[in-house]
Amino acid sequence: MIHQLSVTLSPEHAYDDAAFREHVFQLLRLSTDSPAVVRKRRQSIDARGRQIRVHIDTEVFVNETPPPLIQYKKPQTNVSDSTSAPQAIVVGAGPAGLFAALRLIELGVKPIVLERGSDVRSRRRDLAAINKDHIVNPESNYCFGEGGAGTYSDGKLYTRSTKRGDVRRILEIFVAHGATDEILVDAHPHIGTNKLPNVVADLRQSILDAGGEVRFNTKVTDLILENNELKGVVTATGDELTGIGVILATGHSARDIFYLLQARKILIEAKPFAMGVRIEHQQSLIDQFQYHRPNRGDYLPAASYSLVTQTRFNGVERGVFSFCMCPGGFIVPAATAPGELVVNGMSPSRRDSKYANSGLVVAITDNDLKPYADEGPLAGLALQQDLERWACRMGGKSKDQPSQTAPAQLVADFVDGRVSSELLPTSYQPGLASVDMAEVLPDHIVQPLREGLRDFGRKMRGYLSNDGQVIGVESRTSSPVRIPRDRDTCEHVQVRRLFPCGEGAGYAGGIVSAAMDGERCAEQLVSLYK
Ligand code: FAD
């Protein structure tokens with residue numbers, strides 16, 4: 001017999017497996033020695049009231065064998081065993097590229113994955129060089145390398161784009177490759193940066209075990225185009241690789257790819273995006289506000305927040321919103337070229353650092369891009385790059401060589417237009433320099449940010465104070481460019497056999513949506529050309 005019930009408990013009882021099981025047994029009047037299997041299906045925290053409650057949708061199997069937790073099975077076939085298996089090229093080993101490759105295998109196509117960066121293990125050395133020595137390797141960094149931008153991240157796995165694919169399937173694939181099965185249950189699942197590298201390496205192993213290829217340190221620098229049909233790609237070492245189609249999943253930081261497309265006269269378009277700063281507070285301040293208690297105790301997870309408001313600048317309405325909040329996390333230097341400075345955030349699985357950080361960004365309008373009009377569809381990219389270079393110079397003003405020291409200002413000082421005499425301790429390893437952030441960012445970002453912060457300060461006590469600091473610049477929230485494709489077939493609108501995919505192409509905004517888009521592009525490529 002299967003019982004389905006919704007249970008509401010205090011965090012102390014909900015997160016203690018024995019206490020939770022006992023409670024469920026009592027509700028169903030089961031004897032303590034019953035072999036019943038209790039399974040959580042979905043779990044969410046409700047911290048709106050004074051009493052924090054955890055809601056758990058539960059299934060109990062009495063005298064019944066529960067079905068397997070996950071339906072997904074790693075690929076059973078080996079595409080290299082079949083002489084007739086065609087091959088397809090996947091450019092980029094981020095979530096979009098890896099999930100595209102796995103799906104191609106399931107559909108009987110051999111993927112050749114080409115990744116400009118290093119494997120996860122070697123990538124660690126490059127990250128250490130950025131953090132400690134301020135050296136940015138343009139091929140291997142927080143955005144480039146195995147697993148893409150998602151590897152050294154928070155690994156948040158929630159998405160609003162549930163209509164674009166099967167979220168449960170993506171989560172199951174992560175679980176089959178080593179992620180905790182809690183991600184199938186939590187309303188806001190995340191993996192954590194300490195666990196993601198192993199999960200990513202296991203995804204690669206599945207591709208290799210099934211006969212696919214993954215080549216690291218292999219940068220695509222040109223396209224083999226014949227009569228508006230993409231035959232294959234050329235790598236930096238001059239190798240030519242061909243296939244029945246090319247899935248281009250190079251992410252939003254592969255600026256050279258956007259320039260290549262423009263040079264090869266392949267249609268690209270400007271896309272709305274947002275830029276701003278990262279804001280950092282003590283995690284305890286966020287916990288106190290969200291949980292209405294002096295500290296969160298042993299059971300509650302580090303609290304997160306999501307803030308959004310509308311502001312008006314020069315008569316134009318602009319959204320200001322928090323983005324990619326990392327509770328108990330770290331701010332990281334996410335630039336992809338020397339002389340640029342970009343901040344982003346990540347968290348370990350336990351989210352146990354004492355800091356909370358979040359992007360705080362402002363929508364960029366067409367008007368802001370007027371000075372870059374000569375760049376055509378790459379105007380947003382040019383503004384982004386200008387800001388990143390300027391932030392690098394402002395942060396490293398006192399240094400004699402380019403540094404990853406980030407410009408920063410205390411939050412209330414920023415809003416009041418006062419340079420901070422001292423900054424707070426930070427999770428950002430390369431260090432901070434106190435500057436006037438109004439000199440780092442243009443007015444169309446500074447003024448809406450100030451207005452937004454006033455509003456957020458009213459909504460969350462302590463948020464707008466000198467107990468937090470803003471750190472610049474958060475410029476890579478999403479791609480400023482779209483590579484247009486057919487709505488149904490995912491094929492480029494002009495070039496046959498080219499499948500623009502994932503975040504860089506403008507069809508995803510996070511790990512799960514990128515993974516879903518990878519699967520979708522693989523399916524469309526196979527249905528058109530296999
Ligand atoms: P990417 O992950 O960017 O992958 C593109 C890959 O293509 C890269 O590995 C790159 O090296 C490779 N590539 C680029 N050019 C070439 C070339 N010419 N030749 C060969 N290879 C090339 N999202 C979430 O959902 N949750 C989070 O918690 C989260 N935290 C983040 C934290 C950080 C620090 C960062 C930087 C991002 C975070 N994101 C998060 C965003 C998320 O990582 C991206 O949305 C996602 O990775 C996009 O997937 P993608 O496969 O489309 O592109």
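Computed from the coordinates by the stated procedures, all read-outs in this text should not be read as laboratory data. What you see is a predicted model; the values in this text were computed from it and never measured. Quick reminder, even Gly has a Cβ in these numbers, built from the backbone with ideal geometry, and neighbours come from all protein chains shown.
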Mind checking which aspartates and glutamates have their Cα closer than 18 Å to the Cα of residue 397? Skip sequence neighbours fewer than 8 apart in that chain. 133, 340, 386, 388, 422, 436, 439
For the range 441-460 and the range 261-297, distance of Cα centres in Å: 14 Å
Which FRET efficiency value, to the nearest 0.05, is calculated for residue 65 and residue 467 with the Förster distance at 60 angstrom and r the Cβ-Cβ distance? 0.65
When we measure straight from the Cα of residue 74, which lysines land under 16 angstrom away, once same-chain ones fewer than 8 places off are left out? 110
When the charge dipole of the chain is computed with +1 at the Cβ of Lys and Arg and -1 at the Cβ of Asp and Glu, the Cα pointing farthest to the positive end, of 417, 373, 303, is that of 303
Could you tell me the calculated FRET efficiency between residue 493 and residue 19, based on Cβ-Cβ distance and R0 = 60 angstrom, to the nearest 0.05? 0.60
Arrange 146, 451 by Cβ neighbour counts within 10 Å, fewest through most, would you? 451, 146
Which ordering of 501, 490 is given by a fewest-first count of other beta-carbon atoms within 10 Å? 490, 501
Of the range 133-152, those with amide N under 16 Å from the point 7 Å along the Cα→Cβ vector of residue 221 are 138-140
Using a Förster distance of 22 Å, the FRET efficiency for residue 295-residue 53 (Cβ separation, nearest 0.05): 0.75
At 222 nm, what value in deg cm²/dmol follows for the chain if DSSP H runs of at least 4 each add -39500 (n - 2.57) and the sum is divided by all its residues, to the nearest 500? -8500 deg cm²/dmol
With 0.36 nm assigned to each residue of separation and the Cα-Cα distance removed, residue 208 to residue 4 gains 69.4 nm
Rounded if a/c under 1.5, otherwise prolate or oblate - the chain, Cα gyration tensor axes: oblate
So for each of 231-242, 472-483 I average, over its residues, the number of other beta carbons within 10 Å; can you give me the resulting order with the highest mean first? 472-483, 231-242
Cα→Cβ-extended label distance, 7 Å offset, between residue 316 and residue 386, nm: 1.3 nm
Label the range 7-98 by shape, choosing from rounded, prolate and oblate, from the square roots a ≥ b ≥ c of the eigenvalues of the Cα gyration tensor; if a/c is under 1.5 it is rounded, and otherwise prolate applies when a/b is larger than b/c, oblate when it is not. oblate
On a 18 Å Cα-Cα criterion, which of the cross-link pairs 156/271; 132/399; 354/399 come out too long? 156/271; 354/399
Could you list 28, 449 in order of exposure, starting from the residue whose Cβ has the fewest other Cβ atoms within 10 Å? 28, 449
Show me the ranking of peptides 64-72, 12-20 by mean Cβ neighbours inside 10 Å, starting with the highest. 12-20, 64-72
So which lysines can residue 265 reach, going by Cα to Cα under 24 Å and dropping same-chain residues fewer than 8 places off? 219, 231, 370
Once both label points are put 7 Å beyond Cα along the C-beta direction, the residue 399-residue 32 separation in nm becomes 6.1 nm
Prolate/oblate/rounded call for the range 172-268, Cα gyration tensor, a/c under 1.5 rounded: prolate
